[in-house]
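Working notes for the structure below.
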Amino acid sequence: MDDTRMTRKQFAAAILVSLLSPLLRLLPQTAVSLTGRGAWLSALPALVPPLVLGAILASFQRYMRPGEGMGGLLLRWLGPVIGRAVLAVYAAWFLFYGGFILRSGAERLVSTIYPSSGQNLFVVATIFLCLTVALGQLGAAARTAVLMRAVLIGALAVVLILSAPNMDPDRLSPLGWNDTGHILLGALPLASVVTVAGAFSFLSGYVQPPKDRRWLLGTMFLLTVLGAAICAAVVCVFGPELTSTLTYPFFIMIRSISLGDMVPRIEAVVITAWVGADFLLCTMLLRCAHEAIRTIFHLPVPDRFPMGSLRGGRWLLWLEAAAVFGCSLFFDLPPWQLRQWSDWYIPLASDIVLFGGFALLWLVTIPKRKKDPVCTENGGSQ
Amino acid sequence: MRRSLLILYVSLPLLLLSGCGFSLSADRHDAERLLLIQTMGLDSDGDRVRMSVSTGLGPDDKPALVMSARGGGIEDAIANLQDLSPENQLFYAHVQYLLLGQEAARTMLNDVIQWVDRSPTLRMDTDMLIVKGLAADAVVDTSDENTDVTARLASLDRQASSTGWTIYTLREIAAELSQGDGALCLAVETAKAENAVFTEDMQSDAIVPAGYAALGRDGLVAFLTPEQSMGAELLTGDPTGLLINVADSTMEVLDGSARIDGTLSPDGRPEAISVQCTLRTGVLEKLRRDSRLSPEQLDAALSETVAGWVTDCVETAQKTGCDFLGLKNAVLRSSKTLDRWGEDWNELLPTLSVTVSVEARVDRSYDLAE
């Protein structure tokens, strides 16, 4: 097996773990404040945009050559000028988003566990770890994601099971037809989270064939189910109105969990474990940005060089990490402003860049798709 | 060499971010210096807040440390409390009981909920009780060398679960307040137990249940009488274990439930609430040996008495305009016409007529027909 590449399952784990970070940032509070008690039902309409995006990405993927990601395909189809401009926009977005993830993760950790500590301590520590992993082979990060997936999903399951005694299913009802509009509106945050998976198409050149699409759809479906389960559990514990006013309802719910008298509190372990999701998403965004920049400058694949090497444009990874850190400084805002960014501006921008952008590119490249041969799994063309 | 560097690289964050000993984190706590607070009492004293705390009995029955301090706000009072114990760090992560004095419950309930939400240490699932009078009295006056407020509240907690009263957590109260504009909270009072025989070393006051307090969105609305509280328990909680004195008999509620429905007028407007309760009790004791009530008469007397309590309780909710019984949500769940009931509930509630019916059955009535 080629160690520089990932299997589909490892890539799916990387996407799932990475997206658990925005999932708990936007859910349940933002979804519940838009929807109310029916937030858990929002998972159904929330599946539609990711399925559309999944179909678009699958359509692009058919034309990708072996080892080629979204960056290479766009440069090939859009030409050197427009293609490079589009890739530059995506690279800038990934770095900006990475900076936001760093800051919001640090803010969550500080406000829930370490109130006397400064956020920059966690931001610096996380970006340092992200850079270390990004300098290594992407396959290693994906294999780590497989372990982290087991830890985080396990932690989530434990939290939901141990919170069950505090749940009152009556809080999920009553629901009537007049709630339909709210439920559709509440699908937006969940859909925004899942469509972030689109960013990972820049790394699809590192995935071993065959290019089966079911794993991507399965990951999106699982994320949506997890989102619905989290919303339902938190609403059952706090009720919809209180959920929408609490600072971090899911983590406040964890704070109330005890494992008997022996372990009266477990929230520090669970919340800190969630830093793993921030760390992986930030690492992946760093590599996505590097893929876009590497494609612009026709640089070699970074995984072919030793970890400490600066050859082949690997010094750019240091610069990109510095850019992510710089962007995180931009988000050194009062908590209420950071929440506005988190709830509105970032999801909206993410939807525009990833969903809207790919949809637009799909439309623009229809003529190219008619001319370009479809690539087969073994690298041939039809 | 590379492996050693890797181990050092991985170990450094563990050493510096662990929160123990030499640490970069400002949140480190030395376990030896922590004083674990188990009960907090909050009082509103005009513009100032009074915070009273108890650590609970220490190992080897070491007496509890009880302190009280005032401040401009909750955090200020906590800082002043810390000044009283400079050698130790007061630690609030293990608080089990939160007592609110009645004035604090009236004026700063929402402040307390928001404070706990923002606090990285306190839990929303802390049991909350409202003290008739000052919480400081309940914390300070109930402690002596042998016991303290935490032990007394733990005892009350155990009794409450067997006698039918419900101690609600701050989370449950906050959820009910935000969902239905009202909530119930168990009220307590300190009392010199007049009929108790004290030994010399039992000099502190007892804490006894005093029915429920009705809470509205802005704070305490009213204290319910014990009878109204029993009606409220039947409507909202699990009344199993409640002791009821009816017609010279003491009965224990074995189980009970309530169904609340809304009725629309012919033109489709909300008109009435009907409450149907079922109750099964068992006779524990005949208070008068010459009592001659038949079991049927006892059933009827019980139904009538409980119906009176429930009616009184619902009427209190209507008079105060505070839906502490969760009537709105109960009606919405049972109604198929949600849009008729969902709006302007606070204006609607006082105008609705209420019909209460209780179907009661008395068990263990073997010798009543003699």
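No value in this document is a laboratory result; all are computed from the given coordinates. Worth saying up front: this structure is predicted, and the values here are computed from it rather than measured. Neighbour counts run over all protein chains shown; Cβ positions are idealised from the backbone, glycine included.
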**Report entry** Order by protection proxy (mean Cβ within 10 Å, highest first), peptides B:152-165, B:210-223
**Finding:** B:210-223, B:152-165
Query raised in the report: So what are region A:6-64's ellipsoid semi-axes, whole angstrom, largest first, if each one is the square root of 5 times an eigenvalue of the alpha-carbon gyration tensor?
Result: 27, 16, 8
Report summary line: Final fewest-first order of B:Tyr168, A:Tyr63 on the 10 Å Cβ neighbour count is A:Tyr63, B:Tyr168
Report task. Place the peptides A:115-125, A:10-20 in order of packing, highest mean first, counting for every residue the other Cβ atoms within 10 Å and averaging per peptide. Result -> A:10-20, A:115-125
Query raised in the report: Once both axes come from the Cα atoms, what is the angle between helix B:149-163 and the longest principal axis of chain B, in degrees from 0 to 90, rounded to 10?
Result: 30
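What share of the DSSP beta bridges in region B:226-370 is antiparallel, in percent to the nearest 5?
Numbers: 19 of 30 bridges.
In region B:226-370, approximately 65 percent of DSSP beta bridges are antiparallel ones.
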Report summary line: Along region B:61-78, Karplus-curve 3J(HN,Hα) (6.51, -1.76, 1.60; θ = phi - 60°) to the nearest Hz, with x for Gly and Pro, reads 6, 5, x, 5, 8, 10, 9, 8, 8, 10, x, x, x, 4, 5, 5, 5, 5
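Within a 10 angstrom radius of each residue's Cβ in B:178-184, how many Cβ atoms of other chains show up on average? Whole number is fine. Display every interim value, and only then the final one.
Details: counts 9, 7, 2, 1, 0, 0, 0.
The per-residue average across the peptide is 3.
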Query raised in the report: With the radius of gyration and the Kirkwood radius both derived from the Cα set of the protein assembly as shown, what is their ratio Rg to Rh?
Result: 1.06
**Report entry** chain A: angle of helix A:214-238 to the longest principal axis, Cα-based, in degrees nearest 10
**Finding:** 20
Query - For region B:271-281, Karplus couplings with θ = phi - 60° (6.51, -1.76, 1.60), whole Hz, Gly/Pro x - result: 10, 8, 10, 10, 10, 10, 10, 10, 9, 10, 10
Report summary line: Taking every residue of A:237-247, the Cβ atoms of other protein chains inside 10 Å of its Cβ average out to 6
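Let me check against my output: what whole-number percent is the relative contact order of region A:8-371, with C-alpha pairs under 8 Å and at least 6 apart? Walk me through the numbers before you get to the answer.
On the way: 493 pairs, mean separation 144.2, N = 364.
Relative contact order comes out at 40 percent.
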Query raised in the report: One-quarter of the Cα convex hull surface for region A:8-371, in nm²?
Result: 18.3
Report task. Name the long-range amide H neighbours of B:Leu35: under 5 Å, sequence gap of 5 or more, or other chain; modelled H, no Pro or chain starts. Result -> B:Gln89, B:Leu90, B:Phe91
Requested in this report: Would you work out which of A:Phe100, B:Pro239, A:Met262 lies farthest towards the positive end of the dipole of the protein assembly as shown, given +1 charges on the beta-carbon of Lys and Arg and -1 on that of Asp and Glu, about the Cα centre?
Outcome: A:Phe100
Query raised in the report: Most exposed first by the Cβ proxy, i.e. fewest other Cβ within 10 Å, how do B:Thr351, B:Thr142 rank?
Result: B:Thr351, B:Thr142
Query raised in the report: Using modelled backbone amide H atoms (1.01 Å from N, in-plane), which distant-in-sequence or interchain residues come within less than 5 Å of B:Tyr212's amide H?
Result: B:Ala187, B:Leu224, B:Ser229
Report summary line: Residues meeting the amide H criterion for B:Asp45 (H placed from the backbone, H to H distance under 5 Å, 5 or more places apart or on another chain) are B:Arg50
Report task. Return one number: the angle in degrees, 0 to 90 and rounded to the nearest 10, between the long axis of the Cα atoms of helix B:295-320 and the longest principal axis of the Cα atoms of chain B. Result -> 60
**Report entry** Karplus-derived 3J(HN,Hα), 6.51/-1.76/1.60, for each residue of region B:132-138, Hz, glycine and proline x
**Finding:** 6, x, 9, 5, 4, 5, 5
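Hey, got the average number of other protein chain Cβ atoms within 10 angstrom for residues in A:259-269?
Numbers: counts 0, 0, 0, 0, 0, 4, 4, 0, 3, 3, 0.
So the per-residue partner count for this stretch is 1.
Could you give the length gained on full extension between A:Phe330 and A:Val374, defined as 0.36 nm per residue of separation minus the Cα-Cα distance, in nm?
On the way: separation 44, 0.36 × 44 = 15.84 nm, distance 4.28 nm.
Difference between extended and current length: 11.6 nm.
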Query raised in the report: How do B:Glu271, B:Glu252, B:Glu32 rank when sorted from fewest to most other Cβ atoms within 10 Å of their own Cβ?
Result: B:Glu32, B:Glu271, B:Glu252
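How big is the shadow of the Cα convex hull of region B:31-223, averaged over all directions, in nm²? Before the final figure, lay out each step's value.
Values: hull surface 45.2 nm².
For region B:31-223, averaging the hull's shadow over all directions gives 11.3 nm².
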Report summary line: With the 8 Å Cα cutoff and a minimum separation of six or more residues, chain B has a relative contact order in percent of 13
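Hand me the GluC sites (Glu not before Pro) from region A:281-382 located in a DSSP loop with no more than 15 other Cβ atoms within 10 Å, in residue order please. Walk me through the numbers on the way to the answer.
Details: sites: A:Glu291, A:Glu320, A:Glu377; in loops: A:Glu377.
In loop regions of region A:281-382 (DSSP not H, G, I, E or B), the sparsely surrounded GluC sites (Glu not before Pro) are A:Glu377.
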